[in-house]
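These notes concern the structure reproduced below.
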Amino acid sequence: MFGSIEVPLGRLLRAATADAHRRLDEQLSVEAITRSVSCCHDYLARHADALREVDGQLDWASIGALELPDLSARRARYALLLDSEMNAPEPSACARPSLSTAGMVGALYVLEGSVHGGREILKALNARFPNLGPESTSYLAGFGEETAVMWRSFLNWLDTLDFDAAGKEEASDAARMVFGVFTRHLGLTTEATA
């Protein structure tokens, strides 16, 4: 894809998902999510459904074997959203494809990016509804003041991984697949990918 130039994995995944990310941003604005408290709750419920589907394809022990910094804190962020949606239906019992290790890394890239982006939604929500309690939107807080640091740490970790060309393609495919999962659960439209 990029010839013989060695591209860091974080940059490769960013390029691989740029179109999907752009489409998501165009269709799902912070203003739309924060139009009302109920809009935000609807977004969080749909986000939880997507996360539940992706989480079912991850093997956290395999990710841990890759020495991802702060793995338990990262895992807890996803569990917080899933726990807040305890009454949501369980994911389909249909067989889902299991992701390779590289694929799990690509999927995690999108999940970690959603944690990083959640802070912007929370800022807008708090500005619009200053008396809103944190109990229903705590997931959006990410890692608090450490969210940007955790994102940089994640990107630095990505760039230490040494996947061959096939592994990088698997990571890219999985990252695009996760954007597709979020697009579907959020009720957005997709364009044909080139």
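The values are calculated or read from the model by the stated rules, or taken from the named source; none is laboratory data. Keep in mind the model is a prediction, meaning the values are calculated, not measured. Cβ placement follows ideal geometry from the backbone for every residue including glycine, while neighbour counts extend to all protein chains displayed.
The rows are residues; the columns are (1) in a loop (DSSP other than H, G, I, E, B); (2) among the aromatic types (Phe, Trp, Tyr); (3) under 17 Å from LEU99 (Cβ atoms); (4) touching a Cys at 6+ places or on another chain (Cβ under 7 Å).
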site: VAL7; (1), (2), (3), (4): yes, no, no, no
site: ARG14; (1), (2), (3), (4): no, no, no, no
site: ALA45; (1), (2), (3), (4): no, no, no, no
site: GLY64; (1), (2), (3), (4): no, no, yes, no
site: PRO69; (1), (2), (3), (4): yes, no, no, no
Quiz item: PHE129 is checked against (1) modelled with pLDDT under 85; (2) surrounded by fewer than 13 Cβ atoms within 10 Å (Cβ to Cβ); (3) more than 23 Å from GLU26 (Cβ to Cβ); (4) not basic (Lys, Arg) and fails just one. What number does that condition carry?
Solution: (2)
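Considering only residues of region 52-83 that are of a type in the set (S, T, N, Q) and over 19 Å from TYR139 (Cβ atoms), which is surrounded by the most Cβ atoms within 10 Å (Cβ to Cβ)? Let's see the steps before the verdict.
In the first step, residues of region 52-83 are kept if they are of a type in the set (S, T, N, Q); the result is 57, 62, 72.
Filter again for over 19 Å from TYR139 (Cβ atoms), leaving 57, 62.
Details: GLN57: 18, SER62: 13.
The qualifying residue surrounded by the most Cβ atoms within 10 Å (Cβ to Cβ) is GLN57.
Conditions tested, residue by residue: (1) among the charged types (D, E, K, R); (2) modelled with pLDDT under 85; (3) farther than 29 Å from GLU169 by Cα; (4) surrounded by fewer than 16 Cβ atoms within 10 Å (Cβ to Cβ).
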site: LEU12; (1), (2), (3), (4): no, no, no, no
site: ALA16; (1), (2), (3), (4): no, no, no, no
site: LEU28; (1), (2), (3), (4): no, yes, no, no
site: ALA50; (1), (2), (3), (4): no, no, no, no
site: ASN87; (1), (2), (3), (4): no, yes, yes, yes
site: PRO97; (1), (2), (3), (4): no, yes, no, yes
Practice problem: Go through (1) within 17 Å of the chain's Cα centre (by Cα); (2) touching a residue at least 24 places away in the same chain (Cβ under 8 Å) and name the single condition SER98 misses. | Solution: (1)
Exercise. Residue by residue through region 164-194, note down the ones that are modelled with pLDDT of 90 or more and more than 16 Å from THR17 (Cβ to Cβ).
Key: ASP164, ALA165, ALA166, GLY167, HIS185
